[in-house]
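*Asks:* The following block contains the structure, expressed as structure tokens.
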Amino acid sequence: MTDFIQTAASRTVENAAQDYVIPAEAPWSGIVRKGQTIRIEDSYGQQAIDTLFYKADDFSERYSNQDTMREQGAAYVGTGTRIMSNEGRVMLTMTADSCGRHDTSAGACSCESNTVRFGHGTKYLHACRDNFVIEVMKHGMSKRDIVPNINFFMNVPISPDGKMTIVDGISSPGDYVELVAEMDVLCVISNCPQINNPCNGFDPTPIRVLIWDAGV
């Protein structure tokens, strides 16, 4: 733990190997090599960040929310969570979390789900599934390769009877998560464009992604 604290303290924006600002409502993807640390930052607060991971040299191995929840025995992801693949391997480990609430059950918004939830007038609004399709196609995949995702910073309380509700986010400007890659992974992000529920405070905003090399 001491080694981790010292390493975390040495990470600065200036020594990041990669630094990206992702516009509101936009997708992004990038490779995170084994040993590198990726930070996903909610720059303005209350912004859901839908995220998927794929094994970089074999996209058929990808994030599994079921295996991740079963491995840790909890419905949410947080510091110490091992992000599991559908092959039962650890893809990344979450090493820092300044927010404390991240969903992996509610999935990504889509034109179809918007229509069901909010009425036919929302059918043509941009959605996370659209973003995912746009981004995975750059890597030779299709909508069939989109699986249930992590929703960093999205607040979805689960009641004792199993009901879930998307409510106001609790993340503050600058909150972040950090994950260390345990294998080479492709990270795919949809900076959620949803404006019909409070997951983004009804006002989607830009986010930031930084990647540090191993040992930094």
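The values are calculated or read from the model by the stated rules, or taken from the named source; none is laboratory data. All values derive from a computational prediction rather than experimental measurement. We place every Cβ from the backbone using ideal geometry, glycine too, and count neighbours over all the protein chains shown. Please note that ligands, DNA and RNA were not included when accessible areas were found on the heavy atoms of the full protein model with its side chains. Shrake-Rupley method; radii C 1.70, N 1.55, O 1.52, S 1.80 Å.
*Asks:* Output wanted: per-residue J couplings in Hz (rounded whole) for the range 136-153, from phi through Karplus 6.51 cos²θ - 1.76 cosθ + 1.60, θ = phi - 60°, x for Gly and Pro.
*Replies:* 5, 5, 5, 10, x, 9, 9, 4, 5, 8, 8, 10, x, 10, 8, 10, 4, 6
*Asks:* Using only the Cα atoms of the chain, what semi-axes does the equivalent ellipsoid have when each is the square root of 5 times a gyration tensor eigenvalue? Give whole Å, largest first.
*Replies:* Ellipsoid semi-axes (Å, largest first): 26, 19, 18.
*Asks:* Percent relative contact order of the chain, based on C-alpha pairs within less than 8 angstrom and at least six residues apart?
*Replies:* It comes to 42 percent, rounded to a whole number.
*Asks:* Still on this structure, I have one more. Place a point 7 Å from Cα of Ser113 in the direction of its Cβ. Which residues in the range 179-195 have their backbone N less than 14 Å from it?
*Replies:* Residues 190-195 fall inside that zone.
*Asks:* Next question, about the same structure. If I take R0 = 35 Å and measure r between the Cβ atoms of Arg70 and Glu14 in this structure, what FRET efficiency does the formula 1/(1 + (r/R0)^6) give, to the nearest 0.05?
*Replies:* E between Arg70 and Glu14, to the nearest 0.05, is 0.35.
*Asks:* Turning to a different aspect of this structure: Out of the range 75-174, which GluC sites (Glu not before Pro) are coil in DSSP terms and have no more than 16 other C-beta atoms within 10 Å?
*Replies:* Here the sparse-neighbourhood loop sites are Glu87.
*Asks:* Tell me the per residue accessible area of the range 54-122 using a 1.4 Å probe; a whole number in Å² is fine.
*Replies:* 45 Å²
*Asks:* Binning every alpha carbon pair distance of the range 130-178 at 5 Å from zero, what are the percents per bin?
*Replies:* Calculated over all Cα pairs of the range 130-178, the distribution is 4, 15, 16, 15, 16, 19, 11, 3, 0 percent.
*Asks:* Quick one: if you stick a label point 7 Å off each Cα along the C-beta vector at Asp213 and Met137, how many nm between them?
*Replies:* 3.6 nm
*Asks:* Under 28 Å between alpha carbons: how many lysine pairs meet that in the chain, if sequence neighbours fewer than 8 apart on the same chain are excluded?
*Replies:* Here the count comes out as 9.
*Asks:* Label points 7 Å out from Cα along the Cβ direction at Arg89 and Ser60: separation in nm?
*Replies:* Here the modelled spin labels are 1.3 nm apart.
*Asks:* Further question on the same structure: Could you give me the ³J(HN,Hα) list for the range 194-203, computed from phi with Karplus coefficients 6.51, -1.76, 1.60 and θ = phi - 60°, whole Hz, x at Gly and Pro?
*Replies:* Each residue of the range 194-203 in turn: 4, 10, 9, 9, x, 4, 10, x, 6, 8 Hz.
*Asks:* Still on this structure, I have one more. Of Thr104, Met94, Ala181, which is farthest along the charge dipole of the chain in the positive direction, counting Lys and Arg as +1 and Asp and Glu as -1 at C-beta?
*Replies:* Thr104
*Asks:* So how much accessible area does Cys128 have, in Å² to the nearest 10, using a 1.4 Å probe?
*Replies:* Here the accessible area works out near 0 Å².
*Asks:* Right, something else. For the range 13-19, what does the Karplus curve 6.51 cos²θ - 1.76 cosθ + 1.60, with θ = phi - 60°, yield as ³J(HN,Hα) per residue in whole Hz, taken in order and with x for Gly and Pro?
*Replies:* My calculation for the range 13-19 gives 4, 5, 9, 5, 6, 9, 8 Hz in order.
*Asks:* Given the DSSP H assignment, sum -39500 (n - 2.57) over each helix run of at least 4 residues in the chain and divide by its residue total; what's the result at 222 nm in deg cm²/dmol, nearest 500?
*Replies:* Taken over the chain, the calculation gives -4500 deg cm²/dmol.
*Asks:* While we're looking at this one, here's another question. Lys163 versus Arg33, label points 7 Å from Cα toward the beta carbon: distance in nm?
*Replies:* Label-label distance for Lys163 and Arg33, simple model: 5.0 nm.
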